[in-house]
Each structure stands twice: as structure tokens, then as C-alpha cells.
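Each remark here refers to the structure printed beneath this line.
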Amino acid sequence: EEIAKHKGPPVFTQEERYKMVQAIKWVDEIAPGAPYVTTLETLDKYSCDFCVHGDDITLTIDGKDTYEEVKTAGRYRECKRTQGVSTTDLVGRMLLMTKAHHSNIDEDLDYRKHTDNFGKGPKGHSPWTGVSQFLQTSQKIIQFASGKEPQPGDTIIYVAGAFDLFHVGHVDFLEKVHQLAEKPYIIAGLHFDQEVNRYKGKNYPIMNIHERTLSVLACRYVSEVVIGAPYAVTADLLDHFRVTLVCHGMTEVVPDKDGSDPYEEPKQRGIFQLVDSGSNLTTDLIVQRIIKNRLEFEARNQKKEAKELAVLEAMRRLEEEKH
């Protein structure tokens with residue numbers, strides 16, 4: 001209700017969101033039903049020293065700075081927001097259902113045009129809501145990686161897939177896999193964009209390989225990621241990582257290019273296991289939810305943009321008055 005009031009329709013239910021945030025490895029505890037405007041009362045209730053937010057502006061429905069109270073009290077800290085990572089842009093990619101957003105096609109004017117009218121209103125352009133390219137760096141990967149090697153006695157478990165729009169269905173699956181061993185070391189193989197496009201079709205993946213890598217690394221159940229893993233789980237891969245167990249969810253396994261089963265090798269070794277996550281949420285379902293709410297989302301983004309532009313204008317005026 002809080003999100004719907006201030007921002008527009010949420011994509012996930014609150015149970016899904018609680019579970020997702022709880023699965024992020026830097027989160028120790030979640031505060032369910034938190035107010036949209038963070039108050040000192042909330043910080044004290046959960047024994048928090050301060051509140052942290054990105055350097056984009058968040059405003060309440062009536063245009064006030066959401067963090068005014070905690071800023072005034074000196075209990076606010078800011079993180080630089082990652083360039084090119086925004087829910088708005090992801091929603092734009094889903095609404096388009098185009099094949100070109102993750103390939104090297106620069107001529108895709110339809111997408112260009114759409115990102116323009118999706119991320120901003122008729123006038124101006126807000127630096128927060130606009131669309132920009134996410135640039136992957138080795139430093140960013142190091143920040144996300146655990147850096148832990150498998151230890152003696154660890155059960156090395158390999159899972160592979162697109163892990164597109166990393167969601168609660170993936171979390172449920174990885175949690176179940178994690179419970180299969182006393183000391184699990186889970187390696188997630190991520191397929192390259194073109195490979196995912198081959199077996200998923202349409203405009204999948206919605207997130208490119210760099211975005212998917214960081215999403216999966218942020219999950220507390222994953223120890224390591226293979227960026228651009230081969231579609232077929234080969235003997236080489238199993239031997240190289242000393243894999244004890246290979247797991248797959250209940251989703252369909254598309255045959256490899258030559259018609260063979262990509263899990264043939266682990267099956268022959270007797271180390272293949274199907275794992276039922278108990279969740280029916282898929283990337284397809286999320287896209288369906290977005291498309292169903294399409295008009296509401298477009299209105300939401302334009303309203304957000306208009307509010308941000310109004311604040312920018314006010315800040316500019318204040319600057320001018322100072323001089």
C-alpha cells in the first residue's frame with residue numbers, strides 16, 4: 001500500500017520482496033511494513049545508527065524529500081548510485097519485448113525511441129530516471145564476489161541457467177539446493193546472452209550477462225559464478241571445479257544445438273538431481289505482470305520524472321538566489 005501510494009504499482013508482492021531482500025548477503029535483518037518516509041522513530045525501533053540511501057532523490061507524493069527528518073538529525077549516509085542500473089530501464093526493456101536490447105545492434109531505433117519516452121516526460125530529462133548504460137568493471141565484481149575458495153569437506157554443487165531478472169523463484173531454488181548439504185559450496189553457471197536468446201527466444205535475456213552476474217553474486221547462497229558457462233555441462237567443467245552434485249529446477253531443459261541433453265554427463269556420473277523450489281514464479285510471469293500494468297507503469301515513470309525535474313528546478317533557483 002505504501003509503495004502504491006508514493007510510487008505506483010509494485011511488481012512483486014510484499015512477501016516476495018521480503019524474501020528477496022533477506023537473501024541478499026549484506027542484509028542481516030528486514031523490517032517488515034516499514035513506512036515510506038523513514039523517521040527517527042523507525043531507526044530507534046530497530047537500533048539503527050543511521051539510514052542509507054543512493055544519491056538519487058526520493059520524494060513523497062506531495063514532493064517532500066523522504067529523508068528530511070533523518071538528514072536534519074545527522075543520521076543519514078549516502079551511497080553513490082550505480083550508473084545504468086535502474087528499475088525504470090528494466091521495465092522499459094520488458095514492455096518492449098524487443099530482441100535487440102542485449103545484442104550489439106546500435107540501429108535499434110525503436111528501442112532508443114522507447115527509452116526516451118519511457119524514462120522522461122515531454123520536457124527535460126531527469127538524471128535519475130533516465131536510461132544509461134551499465135558499465136561492468138573488475139572492481140565491481142570483486143565487491144560482489146565472496147572470494148572464498150571451496151574448503152575440504154565442502155560439497156561442491158553446480159547449477160546453471162540464465163538467472164534473468166533474478167527473483168524469488170531463483171532464491172527459493174538456490175535455498176533448497178543450499179539445504180542439500182551440510183557444507184554447500186554453490187557454483188552458478190551463467191549462460192551468455194546469445195545462448196539464453198537461443199533457448200528462451202523473444203527478447204530474453206532482459207538483463208545482460210554483467211547485470212545477471214552481479215545479481216546472482218549478491219545472493220547469500222551462491223559462492224561462485226561462472227560468467228558465460230557452456231550450455232552443456234561438460235566433463236571438463238565437472239573435473240575442473242571438482243563438482244560433487246549438479247542440480248536443476250523443475251523448468252524445461254531445452255536440448256543443445258546438436259539435439260543432445262546438456263545434462264548427459266552429470267547424469268551418466270550419477271550426480272544429477274532435480275530440485276523442486278516450490279515456487280511457480282518465473283521471469284515470464286514477471287514480464288506478464290509488467291505488461292498487464294503497462295499503462296500504470298508508464299504513468300508512474302512520467303510522474304516520477306516530473307517530480308524530479310521540479311526539484312532540480314527548485315535547486316537551480318536556490319543556487320541563482322545565492323549568487
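The values are calculated or read from the model by the stated rules, or taken from the named source; none is laboratory data. No experiment lies behind these values; they were computed from the predicted model shown. For neighbour counting, all protein chains shown are included, and Cβ atoms are generated from backbone atoms with ideal geometry for every residue, glycine included. Side chains included, ligands, DNA and RNA excluded: accessible areas come from the protein's heavy atoms. Shrake-Rupley method; radii C 1.70, N 1.55, O 1.52, S 1.80 Å.
Okay, here's what the table says:
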quantity: So Phe166, is it modelled with pLDDT under 90, assigned to a loop (DSSP other than H, G, I, E, B) and under 29 Å from Pro262 (Cβ atoms); calculated: no
quantity: Tabulated pairs, the range 146-167, first of a type in the set (S, T, N, Q), second modelled with pLDDT of 95 or more, C-beta under 7 angstrom, 6+ apart or interchain; calculated: Ser146/Ser223; Thr155/Ala181; Thr155/Lys183; Thr155/Pro184; Thr155/Tyr185; Thr155/Thr244; Thr155/Leu245
quantity: Residue list for the range 36-54, restricted to those being in a loop (DSSP other than H, G, I, E, B), open to solvent by less than 60 Å² (accessible area, probe 1.4 Å) and either farther than 21 Å from Asn301 by Cα or of a type in the set (Asp, Glu) (or both); calculated: Thr38, Thr39, Cys48
quantity: Residue match in the range 243-266 (condition: more than 27 Å from Ile206 (Cβ to Cβ), out of contact with any strand residue (DSSP E or B) (no Cβ under 8 Å at 6 or more places or on another chain) and of a type in the set (A, V, I, L, M)); calculated: no
quantity: Residues of the range 5-24 satisfying the condition of being among the basic types (Lys, Arg) and either over 15 Å from the mean Cα position of the chain (by Cα) or surrounded by fewer than 13 Cβ atoms within 10 Å (Cβ to Cβ) (or both); calculated: Lys5, Lys7
quantity: Single residue of the range 72-101 satisfying the filter (open to solvent by less than 30 Å² (accessible area, probe 1.4 Å) and among the β-branched types (Val, Ile, Thr)) that is modelled with the lowest pLDDT; calculated: Thr98
quantity: Those residues of the range 210-237 which are in contact with a strand residue (DSSP E or B) (Cβ under 8 Å, 6 or more places away or on another chain) and of a type in the set (Gly, Ala, Ser), in sequence order; calculated: Ala218, Ser223, Gly228, Ala229
quantity: Test set (1) in contact (Cβ under 8 Å) with a residue 40 or more places away in the chain; (2) more than 24 Å from Lys176 (Cβ to Cβ); (3) not assigned by the TED database to the domain that holds Asn208 - Lys257 fails condition number; calculated: (3)
quantity: Yes/no for Gln179 being in contact (Cβ under 8 Å) with a residue 12 or more places away in the chain, of a type in the set (S, T, N, Q) and open to solvent by 30 Å² or more (accessible area, probe 1.4 Å); calculated: no
quantity: Any hit, the range 186-197, residues being touching a His at 6+ places or on another chain (Cβ under 8 Å), among the β-branched types (Val, Ile, Thr) and at pLDDT 95 or above; calculated: yes
quantity: In the range 277-291, residue nearest to Pro205 (Cα to Cα) [restricted to those that are touching a helix residue (DSSP H, G or I) at 6+ places or on another chain (Cβ under 7 Å) and open to solvent by 40 Å² or more (accessible area, probe 1.4 Å)]; calculated: Thr282
quantity: Meets criteria (out of contact with any strand residue (DSSP E or B) (no Cβ under 9 Å at 6 or more places or on another chain) and in the same structural domain as Pro150 (by the TED database)) for His240; calculated: yes
